[in-house]
Structures are given as structure tokens and as C-alpha cells.
Amino acid sequence: MGAVSVISLTRTLAGLALGGLVLAGCGSSLDDSGGSGDEGGRADDVKVGLLVPLSGVYAPIGEDIKAGFELYLDEHGGKLGGRQVDVVTADEGEGPQTGVPAAQKLVTKDRVSAVAGVVNSATALGLRDFFDESGKLLLVANAGADDITGARKSEYVWRTSFSNGQVSGALGPTVAEEVEGGVYLIAADYAAGKEMLAGFRKTFEEAGGKVAGEEYTPFGKTQDFQPYLSAIRESGADAVFAFYAGAEAVSFVKQYKQFGLAGKTPLYGTGFLTEGGALAAQGSAADGVKTSLHYSTELDSPRNKEFVAAYEKAEKKPPTVYAVQGYDTAAVLDKALAGADDVSGDALVKALAGVGALDSPRGRWKFDADHNAEQSYYLREVRTSGGTAVNAVVGELD
Ligand code: PHB
């Protein structure tokens, strides 16, 4: 299914979901300004929905967001803003077909006060109207869809992660400077892939870069990248810029090496390409890959070192950008709940406007006027240190 049809299906699903919400509203109010909304809940409890992929190609990303969110909760005695938190986890699956009804259930049946999570841009776009019209808070902990904090921004939708154009655009000038000749662009065929390549292309071409070709691979279905790698070779490109994440990132980078392109045609991408479990599975195939991202385990700050140690203790593996986004989402909710008069969507968004800068493992960041994260982006390069591949921080991007 193409990106356009996914989005229109998404709109339909969101419309249906909202219809259900209005009907449900006839018999039982969704106003939970007093607390958990749960019959048996105490007035000072709060119910939060965590919507992340627990299945599909992005399941590893969902696990990391959940682990980061839970680490913050554990470090704060299970409380946010002084309220005991009841987390209801739901599976976003691979996109809006599963993610939209799961969010609808969290709000209408589980009666959560806010939903956090959402990995896939198409899911986030599909949920926008539902949250905007129901007046509930959606805290996006990953999905980078540009419009969510741009043309279609909502009072009730805030993002603790990044926008697609921002993270990919950060790398354009560097690649234009480093590569003589053409760069081939390739990405997963859905909303985020399109925006990642458009964002990169814009700043890359503005800096004088030349595009040698552009290709999209079926999202969630492509296991054999050989035909696409052949096209890259035939194009005569001097470098490649790619957006893949989760399981697709592992296959792409491994096959890039097996096909003989690694070491000859430099590979660039957004940092999701070589993040966490993906990098561990790629091993030496990822050596030298350069990426842009707002986090690396290698960031040399006391706040990050402390976070990495706590996360490794809890999870027995290093954290990822997704874990940091989950952790920061809980931190933002903590501050918002502490400053809000009650747990209604209106009180929470009012409090969110005043949370100020966050001292995060990624560095200090704050919400901009469009509810998106204003933060630094780093240039990272995969290097092997003591037998383990890591994303060394080699610079800061504008
Ligand atoms: C997205 O769909 O917005 C998305 C998914 C996974 C990533 C980054 C962006 O790693």
C-alpha cells in the first residue's frame, strides 16, 4: 500500500474512532479531570497509555521506548507529578491499521488521561484528528511526521523526539562537503521515508550536492535489497544516504557490505540506521557509516554517563535514542503533572507550555512554539572499540 492510501485509510480509521468516541460519550463522560477515570482508582492516581510497536519491524524500537519510560518511573518510585502511575501498554503494530484502533481503545475503554509513544509517522498522522477533537494529550515519543508539529499541529499533540526533516536535513551540508560526485537516496516507502529523503535533499542541494538517484523500498516487506543495491551500483553514485530503522536497518546495512558496496561507496543516513540492537546485529558491516542523530551512547557528559550506567544495570544492554525519548517523555509528563491543576487534556497542555528546558542524556532541549523538540544534532561515525561497534560522536551539526 502506498503512503497516500495509508494516510487516507488512516483518516477513515481516525474518523471511525472519533465516531465511536462521540457515541461512547453519550453514556459515559470522558472528563477525567479528577484522576484515573477508573472506577476503583484513587483520586491522586493517573492512568497513562503507552502505545508502542510490540510486533512488526519496529518492535525493537517499541521495547526501547518502553524500557526508557519504565526506567524513569522506577527512578521516581512509580510516580509522576506526585501521582501514582498506572501504565496501560498497547501494541501499535506496524502502522495506522493497528495503531489507531489501539489508541482509541486506550482513551475510550481504558480511560487513560494521556497517551505516550507512537513510533510510525503514518500512525501519528492518523491519530492527529482523534486527539485534537477529543481534547486528550498525545505525547509523541518517536514518530517524526513533519506536519504533526507543522502544518497540522494541534494544541493536544506534543513531541519529545524529532521531526523527520530536521534529523535528515542536519546531515545535508556535511555530505555535500565530503562527497565529490552524486549521492543516491534510498528509504522505506512510507510517510517517514519520503520526508527523510526530502529533508536531506533540501539542505544537501542547497549546499551544492548532486543527487544520483532516488528509490523507495516496500516498507516492512523488503528482505532482499539486492535489486536496489544493483541499481545503486549501476547509477555510478559516489555515496548513499539511507533511512531505515529496526529490522530493516539490519538487513540493509548487512547486505550493503555483502554486495561489496561498503568501503567503496560511503554510506550515510539518519542515526536510526545504526542504532542500538540494529548496530549490534550489523557488527563490522556498519564500520564507517556516518549518521545524524540527537543522541549517542558516546556523548561525553555526566548526565549521559549516569543514564547509560542506570539503563545498562536495568536492561543489561546499552540504551538507544528510543530509550532516551521514552525516558524524556516520562520526565516531561512528570513536570506537566506536577504543574497541572488536574489530569484533563486542557490542564496538561497548559502545564506543558511551562515545563522549560530538560536536562536530558541527549543534552538540554526544550519544546519549540510548535511543540517539537529544539535540540542539538550530532555527527556520528560507527567505530569499533574493544570489539564492540559504537556510534562515536565526531561533531555537532547546525
Ligand atoms: C517514523 O515513522 O517516523 C520513524 C520510525 C522509526 C524511526 C524514525 C522515524 O527510527
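Within segment 203-224, the set of residues being touching a residue at least 12 places away in the same chain (Cβ under 8 Å) and within 16 Å of the ligand (Cβ to nearest atom) comprises TYR216, THR217, PRO218, PHE219, GLY220, THR222. When segment 262-301 is filtered for residues that are surrounded by 18 or more Cβ atoms within 10 Å (Cβ to Cβ) and of a type in the set (A, V, I, L, M), the ones remaining, listed by number, are ALA262, LEU267, LEU273, ALA278, LEU279, ALA285, ALA286, VAL289, LEU293, LEU299. Of everything in segment 46-69 that is more than 16 Å from the ligand (Cβ to nearest atom) and in a strand (DSSP E or B), the residue that is nearest to GLU312 (Cα to Cα) is LEU50.
Yes or no, residue by residue, for (1) without any contact (Cβ under 8 Å) to a residue 24 or more places away in the chain; (2) assigned to a strand (DSSP E or B); (3) more than 13 Å from the ligand (Cβ to nearest atom); (4) within 26 Å of ASP45 (Cα to Cα):
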{"position": "LEU71", "(1), (2), (3), (4)": "no, no, yes, yes"}
{"position": "VAL85", "(1), (2), (3), (4)": "no, yes, yes, yes"}
{"position": "ALA103", "(1), (2), (3), (4)": "no, no, yes, yes"}
{"position": "ALA122", "(1), (2), (3), (4)": "no, no, no, no"}
{"position": "LEU138", "(1), (2), (3), (4)": "no, yes, yes, yes"}
{"position": "ARG152", "(1), (2), (3), (4)": "no, no, yes, no"}
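Residues being within 15 Å of SER292 (Cα to Cα), away from the ligand (no atom under 12 Å from the Cβ) and in contact with a strand residue (DSSP E or B) (Cβ under 7 Å, 6 or more places away or on another chain): count how many of those fall in segment 154-172. Residues flagged as within 15 Å of SER292 (Cα to Cα), away from the ligand (no atom under 12 Å from the Cβ) and in contact with a strand residue (DSSP E or B) (Cβ under 7 Å, 6 or more places away or on another chain) within segment 154-172 amount to 2. Could you run through segment 225-267 and say how many residues are assigned to a loop (DSSP other than H, G, I, E, B) and touching a residue at least 12 places away in the same chain (Cβ under 8 Å)? Of the residues in segment 225-267, 12 are assigned to a loop (DSSP other than H, G, I, E, B) and touching a residue at least 12 places away in the same chain (Cβ under 8 Å). Scanning segment 282-299 for residues that are under 12 Å from TYR378 (Cα atoms) and either of a type in the set (D, E, K, R) or at pLDDT below 95 (or both) turns up LYS290, GLU298.
In summary, GLN226 fulfils each of the numbered conditions (1) at pLDDT 95 or above; (2) over 15 Å from the mean Cα position of the chain (by Cα); (3) buried (at least 16 other Cβ atoms within 10 Å of the Cβ) with the single exception of condition (3). Only residues that are farther than 22 Å from ALA231 by Cβ and not in a helix (DSSP H, G or I) were counted in segment 193-214, giving 2.
Regarding ALA249, is this residue within 16 Å of the ligand (Cβ to nearest atom), aliphatic (A, V, I, L, M) and under 25 Å from TYR377 (Cβ atoms)? Talk me through it step by step, then tell me what you get.
On the way: within 16 Å of the ligand (Cβ to nearest atom): yes; aliphatic (A, V, I, L, M): yes; under 25 Å from TYR377 (Cβ atoms): yes.
So ALA249 passes the test.
The values are calculated or read from the model by the stated rules, or taken from the named source; none is laboratory data. All figures in this text were calculated on a predicted structure; none of them were measured in a lab. Cβ: placed from backbone, ideal geometry, glycine included. Neighbour counts: every protein chain shown.
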